[in-house]
Amino acid sequence: MKSVRLLWVPMVLLVVVLAGWWWHAHTTEQSTLIATQDVSAMLKDPAVIAKGRYLATVSDCMSCHTQQGGEPYAGGRVIPTPFGNIPAPNITSDPEHGVGRWSFDDFWRALHSGIGRSGERLYPAFPYTSFTKTTPEDAIAIFAYLQSLPPAAQASEPPGLNFPYNVRSTLNAWRALYFKPGVYKPDPAQSAEWNRGAYLVQGLGHCDECHAQRDALGGLQGNAPLSGGQIPVQDWYAPDLSTQANGGLQGWTQQDIVDLLKTGQSSKGTAFGPMANVVGSSTQYLHDDDLRAIAIYLQSLPARAKLVPVAASFDSKALADHGHDIYVKRCADCHGENGAGLANVYPPLDGNSSVLEPSGINAARAVLLGGFAPLTQGNPRPYSMPPYAQQLSDADVAAVVTYIRQAWSNHAPAVEERDVAAYRHTPID
Amino acid sequence: MLPLALLLGGLAHADAPSVPDTLQQRIAACTTCHGVHGEGAQNGDLFPRLAGKPVAYLTLQLQNFQRGLRKYAPMEYTVRQLSPEYMHEIAEYFAAQQVPYQSSGVPNLAPSVLQRGQQVVTSGDPSRQVPPCQACHGKQLTGTQPSVPGLVGLPYDYISAQLGSWRTGTRGSKAPDCMSEIANRLAPTDITAVAAWLASQSVPADVHPQAANAITPPLRCGVLDSQGGGA
């Protein structure tokens with residue numbers, strides 16, 4: 001592992017040098033064009049602070065910037081990446097450890113340009129690649145809210161990264177390849193609602209940070225936005241969000257999307273894994289018109305190319321038959337023999353995007369982990385599913401997951417025993 | 001709020017499976033491991049009994065898993081999103097269950113080890129500043145309301161694993177964490193002795209936790225400071 005990684009070093013360094021040059025040649029500091037005295041008045045305005053609180057919820061700043069059981073926004077939660085662990089820093093108003101001494105310009109450079117207060121390049125585990133779309137007015141509101149938070153005197157941890165990724169200047173190369181700073185530009189051909197949805201999804205909501213495939217350097221390039229991808233290290237699959245032909249959410253209505261984001265449940269499926277956290281700490285609190293705007297935008301995503309069915313590497317019929325027996329015994333009581341579930345209690349498995357997603361990870365992990373549907377204001381006492389990690393062998397999980405991926409109207413590739421063995425040991429986060 | 005009509009509509013749907021609207025049905029995840037009545041199970045991992053334990057104690061443990069003070073990944077995943085109200089309701093369910101204790105095995109140890117265990121539980125070990133366990137867990141060792149759990153009827157493996165977790169930091173509670181203090185003061189051989197003696201005692205007929213005023217804790221415990229416990 002180590003030696004393979006070191007082979008990269010000369011190449012990365014070369015790219016760094018070239019890109020560093022490119023970067024200096026091509027960047028000009030963006031200014032927000034809002035006069036300083038207006039900014040300082042806005043930072044103290046209670047209405048601006050309240051708006052900032054809402055926008056910080058939309059962007060879910062808190063869930064990264066808060067440790068399990070820790071002070072809100074005081075930092076410490078570690079974001080795992082294939083390149084190492086990156087802790088999110090303290091962003092409370094603490095002058096020593098937080099952003100208490102930051103000016104709005106400092107904050108704007110971080111949010112809009114991914115540059116820290118001392119000019120250091122920030123790691124894109126902080127999703128500034130999406131946040132760059134935020135308007136200056138919204139950025140001021142978020143900053144005003146952070147400044148209104150009680151100071152928490154908790155020192156931020158340094159990142160634990162492997163060479164060469166621990167050299168922040170290598171990020172110049174990365175940025176040259178993957179980062180285009182720029183505030184969202186409304187599309188005049190579209191409705192105001194559509195534009196609001198696009199702004200929220202592409203910008204503050206940073207949906208694409210999970211819902212698109214990353215390449216070997218952790219960039220989001222070359223794939224259609226929101227076309228689905230596996231989240232590195234955490235091993236969940238965030239599905240394609242197109243509702244049109246061959247899309248991951250094919251057949252989802254506007255109401256289904258709104259229900260899922262607001263309550264964690266919909267007639268098409270239930271949020272779980274990282275999406276349950278997104279719903280629990282962020283989208284359930286969105287105003288109805290913002291949820292509708294998001295749904296309208298997602299519904300406009302284009303149809304996708306039909307996936308060429310991969311020739312099965314083995315005959316999965318026997319596996320699926322064994323899976324059927326397990327399903328009838330263990331699962332049908334809740335999800336129904338016909339896979340239709342029970343409205344607002346148990347999700348349907350027929351046509352479920354997380355059962356059908358290409359990798360099979362989500363269904364396998366759902367079976368291993370079980371758990372509660374997200375707890376939201378709309379569903380304060382959710383039902384739950386038993387975890388099967390302790391009751392079913394890897395072979396049995398592979399069988400029942402293969403069965404649900406191929407039963408009813410579902411046609412997705414089989415899942416193999418060795419895949420399940422790997423997911424069983426994925427850390428839970 | 002979720003429209004009630006929608007929910008009822010769903011339940012009334014003809015060919016859909018019917019599901020009772022009970023807490024027991026909602027918490028299928030918990031009962032798979034801990035048993036429908038919280039009787040506990042030994043199934044590779046050791047799933048502790050929850051039945052009859054004090055409500056505030058159970059609620060606090062759920063919060064401790066949620067905050068990462070107490071570590072066991074499947075529990076942390078299951079409770080990560082539950083609200084304080086829901087956790088309290090679930091704790092009440094298990095606290096109210098009355099099911100007989102199952103006997104569990106005790107390793108074969110010399111009588112002197114069991115005697116040593118009894119001595120620590122009833123008199124403590126002043127040389128290591130270990131107070132008697134009875135001082136907080138009650139004369140009958142059935143626990144005290146609202147936050148001290150009983151020590152009777154617990155399996156040997158569970159007691160020694162929990163005392164070990166306090167020493168390695170994978171179990172913690174509200175500071176000052178008196179049990180962590182005590183577990184670290186105990187000699188490793190005494191952990192074996194105490195766990196073995198406790199697990200070999202027969203369970204008294206009345207297993208209800210004693211009233212709060214039955215004890216005067218010899219050490220400060222965060223969980224006993226505010227007698228409301230974690231709820």
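Among residues of the range A:33-44 that are farther than 11 Å from residue A:137 by Cα, those with a Cβ under 8 angstrom from a residue that is assigned to a helix (DSSP H, G or I), sequence gap 6+ or separate chain, pair up as A:44/A:144. For the range A:361-390, which positions are in contact (Cβ under 8 Å) with a residue 60 or more places away in the chain and either more than 7 Å from chain B (Cβ to nearest Cβ) or in a loop (DSSP other than H, G, I, E, B) (or both)? Residues satisfying the conditions are A:361, A:362, A:365, A:366, A:373, A:374, A:375, A:376, A:377, A:378, A:382. Here residue A:245 meets the list (1) surrounded by fewer than 18 Cβ atoms within 10 Å (Cβ to Cβ); (2) among the hydrophobic types (A, V, I, L, M, F, W, C); (3) closer than 15 Å to residue A:377 by Cα almost entirely, failing just condition (3).
For residue A:343, the requirement of being more than 7 Å from chain B (Cβ to nearest Cβ) and aliphatic (A, V, I, L, M) is not met.
Does the range A:175-188 contain any residue that is farther than 28 Å from residue A:36 by Cα and at pLDDT 95 or above? Yes - at least one qualifying residue is present in the range A:175-188. Are any of the residues in the range A:53-68 within 14 Å of another protein chain (Cβ to nearest Cβ), over 20 Å from residue A:125 (Cα atoms) and free of Cβ contacts under 8 Å to residues at least 60 places away in the same chain? No, the conditions are met nowhere in the range A:53-68. Taking the stated definitions as given, is residue A:284 surrounded by fewer than 16 Cβ atoms within 10 Å (Cβ to Cβ), assigned by TED's automatic domain parsing to the domain that holds residue A:199 and farther than 24 Å from residue A:358 by Cβ? In short, no. Note on the range A:87-124: residues that are among the basic types (Lys, Arg), part of a loop (DSSP other than H, G, I, E, B) and modelled with pLDDT of 95 or more amount to 1. Filter the range B:85-116 down to residues that are closer than 24 Å to residue B:147 by Cα and in contact with a Ser or Thr (Cβ under 8 Å, 6 or more places away or on another chain) and give me whichever is nearest to the other protein chains (Cβ to nearest Cβ). Result: B:87. Scan the range A:259-281 for residues that are surrounded by fewer than 21 Cβ atoms within 10 Å (Cβ to Cβ) and either part of a loop (DSSP other than H, G, I, E, B) or of a type outside the set (S, T, N, Q) (or both) and the total you get is 3.
Please determine, by comparing only the residues of the range A:418-429 that are surrounded by fewer than 16 Cβ atoms within 10 Å (Cβ to Cβ) and within 29 Å of residue A:246 (Cα to Cα), which one is nearest to the other protein chains (Cβ to nearest Cβ). Result: A:422.
Of the residues making up the range A:402-417, those that are assigned to a helix (DSSP H, G or I) and either buried (at least 19 other Cβ atoms within 10 Å of the Cβ) or not acidic (Asp, Glu) (or both) are A:402, A:403, A:404, A:405, A:406. Against the conditions (1) more than 14 Å from chain B (Cβ to nearest Cβ); (2) in contact with a strand residue (DSSP E or B) (Cβ under 6 Å, 6 or more places away or on another chain); (3) farther than 20 Å from residue A:235 by Cα, residue A:357 satisfies every one except (3). Only one of the listed residues (B:103, B:147) is over 23 Å from residue B:221 (Cβ atoms) and under 19 Å from the mean Cα position of the chain (by Cα). That residue is B:103. Annotation: of all residues in the range B:20-43 being closer than 18 Å to residue B:86 by Cβ and small (Gly, Ala, Ser), the one that is farthest from the other protein chains (Cβ to nearest Cβ) is B:38. For residue A:307, the test of being away from every other protein chain (no Cβ under 12 Å), within 17 Å of residue A:403 (Cβ to Cβ) and assigned to a loop (DSSP other than H, G, I, E, B) is failed. The criterion of being surrounded by fewer than 18 Cβ atoms within 10 Å (Cβ to Cβ), without any contact (Cβ under 8 Å) to a residue 40 or more places away in the chain and under 28 Å from residue B:92 (Cα atoms) does not hold for residue B:161.
On the basis of being under 21 Å from residue A:351 (Cα atoms), out of contact with any strand residue (DSSP E or B) (no Cβ under 9 Å at 6 or more places or on another chain) and of a type in the set (Asp, Glu), does residue A:288 make the cut? The answer is no for residue A:288. Among the residues of the range B:197-231, count how many are in a helix (DSSP H, G or I), surrounded by fewer than 19 Cβ atoms within 10 Å (Cβ to Cβ) and modelled with pLDDT of 90 or more. The number of residues fulfilling the criteria is 1. Can you confirm whether the range B:46-55 contains a residue that is within 18 Å of the chain's Cα centre (by Cα), assigned to a helix (DSSP H, G or I), more than 10 Å from every other protein chain (Cβ to nearest Cβ) and modelled with pLDDT under 95? Yes: the range B:46-55 contains one or more residues that are within 18 Å of the chain's Cα centre (by Cα), assigned to a helix (DSSP H, G or I), more than 10 Å from every other protein chain (Cβ to nearest Cβ) and modelled with pLDDT under 95. With the structure loaded, tell me whether residue A:165 is at positive phi, surrounded by 22 or more Cβ atoms within 10 Å (Cβ to Cβ) and assigned to a loop (DSSP other than H, G, I, E, B) or whether it fails that test. So residue A:165 fails the test. Does residue B:77 count as facing chain A (nearest Cβ under 9 Å) and part of a helix (DSSP H, G or I)? In short, yes.
Residues are listed down the side, and each one gets a yes or a no for (1) outside any loop (DSSP other than H, G, I, E, B); (2) within 14 Å of chain B (Cβ to nearest Cβ):
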| site | (1), (2) |
| --- | --- |
| A:318 | yes, no |
| A:325 | yes, no |
| A:339 | no, yes |
| A:351 | no, no |
| A:400 | yes, no |
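The values are calculated or read from the model by the stated rules, or taken from the named source; none is laboratory data. None of the values given here were measured: they were computed from a predicted structure. Neighbour counts are summed over all protein chains in view; Cβ atoms, including those assigned to glycine, are modelled from backbone coordinates with ideal geometry.
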